[in-house]
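The numbers here are math on the coordinates, done by the rules we state, and not lab data. Note that the structure is a prediction, hence the values are computed from the model and not measured. Note: ideal-geometry Cβ built from the backbone for every residue, glycine included; neighbour counts use all protein chains shown.
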Amino acid sequence: MRFTLDTHPTANLVTGLGAEGIRIGNEWLARSFIVSAAELVRDWPVTEVQALNLEALAPAMQLAPEVLVLGTGDRIRFPVSSLYRQLAALGIGLEVMDTAAACRTYNVLVNEDRPVVAALILA
């Protein structure tokens, strides 16, 4: 799968997506993870959207995003509606999409210098 042009050579960008997982830079990840331009939280223990709450998203929120892009697998699965309100109260927008779209969106926002974090759920 093709991703956006890398205009930030030191940023963590999604460079591949396939059966083996998601590649950040040159590293393939096969378990759920959280990524920002400067940080990578490997082995995030969330494997299903229903498990999401503020506590589960704490590692993402520590990276101070304005936008949190949530990738939910091969199809969109929405978290409970109260999570949107809780994040909005903290000044964080939540965008939910399938993982491929989440990876593309994350790369675009990083290249626009936006404070974005992607939380990507891999089963």
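Amide H neighbours of residue 29 under 5 Å, counting only residues 5+ apart in sequence or on other chains, H built in-plane at 1.01 Å?
So residue 29 has HN proximity to 22, 23, 24.
With the Cα gyration tensor of the stretch 55-123 giving a ≥ b ≥ c as the square roots of its eigenvalues, does the rule (a/c under 1.5 for rounded; else a/b larger than b/c for prolate; else oblate) give rounded, prolate or oblate?
Working: a/c = 1.69, a/b = 1.05, b/c = 1.61.
Note, shape of the stretch 55-123 comes out oblate.
For the residues 47, 99, 10, what sequence is obtained by ranking on other C-beta atoms within 10 Å, fewest first? Don't jump to the answer; show the numbers that get you there.
Working: 47 13, 99 21, 10 9.
Going from sparsest to densest Cβ surroundings: 10, 47, 99.
Can you tell me, using C-alpha contacts under 8 Å and at least 6 residues apart, the relative contact order of the chain as a whole percent?
Details: 246 pairs, mean separation 37.8, N = 123.
Contact order relative to length: 31 percent.
What is the stretch 31-70 by shape, rounded, prolate or oblate, if you read a ≥ b ≥ c off the alpha carbon gyration tensor as root eigenvalues and call it rounded for a/c under 1.5, prolate for a/b larger than b/c, and oblate otherwise?
On the way: a/c = 1.92, a/b = 1.31, b/c = 1.47.
Oblate, since a/c reaches 1.5 and b/c is not below a/b.
Which one, (1) 40, 21, 10; (2) 21, 16, 12; (3) 19, 16, 15, gives semi-axes √(5λ) of the Cα gyration tensor in Å as derived from the coordinates shown?
(2)
Dipole of the chain, Cα-centred, from +1 at each Lys and Arg C-beta and -1 at each Asp and Glu C-beta, to the nearest 20 debye? Intermediate values should be presented prior to the final figure.
Numbers: 9 positive and 13 negative charges, 39 e Å.
Rounded to the nearest 20 debye, it is 180 debye.
Work out the charge dipole of the chain with +1 on the Cβ of Lys and Arg and -1 on the Cβ of Asp and Glu about the Cα centre, then indicate which of 50, 33, 102 is farthest towards its positive end.
50
Ordered by residue, what ³J(HN,Hα) values in Hz, to whole numbers, does the stretch 24-29 give under the Karplus form 6.51 cos²θ - 1.76 cosθ + 1.60, where θ = phi - 60° and Gly and Pro are x?
10, x, 9, 9, 8, 10
For n ≥ 4 DSSP H runs only, could you compute -39500 (n - 2.57) per run for the chain, divide by its residues and tell me the 222 nm figure to the nearest 500? Kindly include the intermediate steps, with their values, before the conclusion.
On the way: 3 runs with 26 residues, N = 123.
Only helices count here, giving -6000 deg cm²/dmol.
Between residue 114 and residue 82, what is the spin-label point distance in nm, taking each point 7 Å from the Cα along the Cα→C-beta axis?
In this crude spin-label approximation the distance works out to 2.8 nm.
Please give, to one decimal in nm, the separation of the simple spin-label points placed at residue 53 and residue 74, each 7 Å out from Cα toward the Cβ.
In this crude label model, residue 53 to residue 74 measures out at 3.1 nm.
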